[in-house]
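This report concerns only the one structure given below.
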Amino acid sequence: MTTSTNGPVTGAPVTVRVPAKVNVQLAVGAARADGFHDLANVFLAVGLYDEVTATPADTLRITAEGHDVDQIPLDRTNLAARAAELLAARHGIEPNVHLHITKDIPVAGGMAGGSADAAGALLACDTLWSTGASRDELLDICAELGSDVPFSLVGGAALGRGRGELLTPLTVGGTFHWVFAVADGGLSTPAVYREFDRLTEGTDVPEPEAAPELLAALESGDATALAAALSNDLQAAALSLRPDLTATLAAGTAAGALAALVSGSGPTTAFLVKDAEAAESVARALLTSGTCRAVRVADSPAPGATPLR
């Protein structure tokens, strides 16, 4: 561990852009003794971004602007604040930083918005404080923060094992086009996992494995093949808690989406489409269907956490 003074750290503000994600496969194993589940989680970063700006300050402070910021904590329970604290503790400095989050990723929507902010804050603070942390150290802190945080740092496409934090990069052979339907309200990820456990109680839950046909579809860039291979083992649990999402999935499919699924633990729903023109058509149909609050169009893959200035 390196050490530094405990006084305020000075430097020019640093802004990091960090992407949302969609799980093109989320295979979930039975609950482990620690309460977590083993996963085969195929992440794909998509071009919806939050930005986190780190500025020197006399104490740790969080502010935010953008979509649904009234739904995120602005105290030290925010994962971005936890990221700053963990990095500072490892390097013997005080976490004196103002973190300003500009939200564009749906909040509590199954697209890893909170995890993205944590990864963005970690990289921004590392740059601001010149800690010299290695990539492995940053990824280790990410894993301590949460299962999705390491992928938010890395971006692109990856297979996540363990809780999702053990990443293997994947090759993507083209651009995939998506429409995301934002639902009213959120869904608690722990609640969705509890519902998964309830629905699968007494059944033989198989060991999670990445589907070879899905990995091949990603590598080839074939949207039709990827559509046929999309899967989410949490979808039944999410729909059990939010049955209204069934109408959203049906509306997008009827509008011409190649495939539809709940994004992660939901309640955002994801629609894979053929091209940019189809994305605009499906987005319009979803908006007029009255089954969602808002729609977003994005491409994938997208880069991971990236300093902008």
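The values are calculated or read from the model by the stated rules, or taken from the named source; none is laboratory data. Bear in mind that the values here come from a model prediction, so they are computed numbers and not experimental data. Don't worry about glycine lacking a Cβ; one is built from the backbone with ideal geometry, like all the others, and counts go over all protein chains shown.
Residues in segment 267-281: is at least one aliphatic (A, V, I, L, M), in a loop (DSSP other than H, G, I, E, B) and not assigned by TED's automatic domain parsing to the domain that holds D70?
Looking for residues that are aliphatic (A, V, I, L, M), in a loop (DSSP other than H, G, I, E, B) and not assigned by TED's automatic domain parsing to the domain that holds D70, one finds none in segment 267-281, hence no.
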Condition check for E219: assigned to a helix (DSSP H, G or I) and not assigned by TED's automatic domain parsing to the domain that holds V52 = yes
Residue satisfying all of: in segment 225-244; polar (S, T, N, Q) and in a helix (DSSP H, G or I); surrounded by the most Cβ atoms within 10 Å (Cβ to Cβ) among these = Q235
When segment 170-185 is checked residue by residue, the ones that are assigned to a strand (DSSP E or B) and over 22 Å from L214 (Cα atoms) are A181, V182
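Per-residue answers, yes or no, for (1) in a loop (DSSP other than H, G, I, E, B); (2) touching a Cys at 6+ places or on another chain (Cβ under 9 Å); (3) modelled with pLDDT under 95; (4) not β-branched (V, I, T):
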site	(1), (2), (3), (4)
A108	yes, no, yes, yes
E137	no, no, no, yes
L153	no, yes, no, yes
R163	yes, no, yes, yes
T168	no, no, no, no
In segment 86-104, how many are surrounded by fewer than 18 Cβ atoms within 10 Å (Cβ to Cβ) and part of a helix (DSSP H, G or I)?
-> 2
If you take the residues of segment 105-154 that are surrounded by 24 or more Cβ atoms within 10 Å (Cβ to Cβ) and of a type in the set (S, T, Y), which of them is nearest to G266 (Cα to Cα)?
-> S115
Residue pairs qualifying under the 6 Å Cβ cut-off, at least six apart or on distinct chains, with the first in segment 104-117 being in the same structural domain as T268 (by TED's automatic domain parsing) and among the charged types (D, E, K, R) and the second being crowded, with 24+ Cβ neighbours inside 10 Å and modelled with pLDDT of 90 or more, are none
Restricting segment 245-266 to residues that are assigned to a helix (DSSP H, G or I) and not small (G, A, S), the residue that is nearest to V107 (Cα to Cα) | L245
Look at A279 and say whether it is modelled with pLDDT of 95 or more and within 30 Å of A124 (Cα to Cα).
-> no
The residue that is nearest to T53 (Cα to Cα), considering only those in segment 264-309 that are surrounded by fewer than 18 Cβ atoms within 10 Å (Cβ to Cβ) and among the hydroxyl-bearing types (S, T, Y), is T306
May I ask you to list the residues in segment 51-85 that are touching a residue at least 40 places away in the same chain (Cβ under 8 Å), surrounded by fewer than 16 Cβ atoms within 10 Å (Cβ to Cβ) and either charged (D, E, K, R) or under 14 Å from L123 (Cα atoms) (or both)?
-> D58
Just to be sure, is A247 within 29 Å of A191 (Cβ to Cβ) and either surrounded by 22 or more Cβ atoms within 10 Å (Cβ to Cβ) or in contact with a Phe, Trp or Tyr (Cβ under 7 Å, 6 or more places away or on another chain) (or both)?
-> no
Please give the number of the condition A33 fails out of (1) farther than 18 Å from A108 by Cα; (2) of a type in the set (G, A, S); (3) in contact with a Gly (Cβ under 6 Å, 6 or more places away or on another chain).
-> (3)
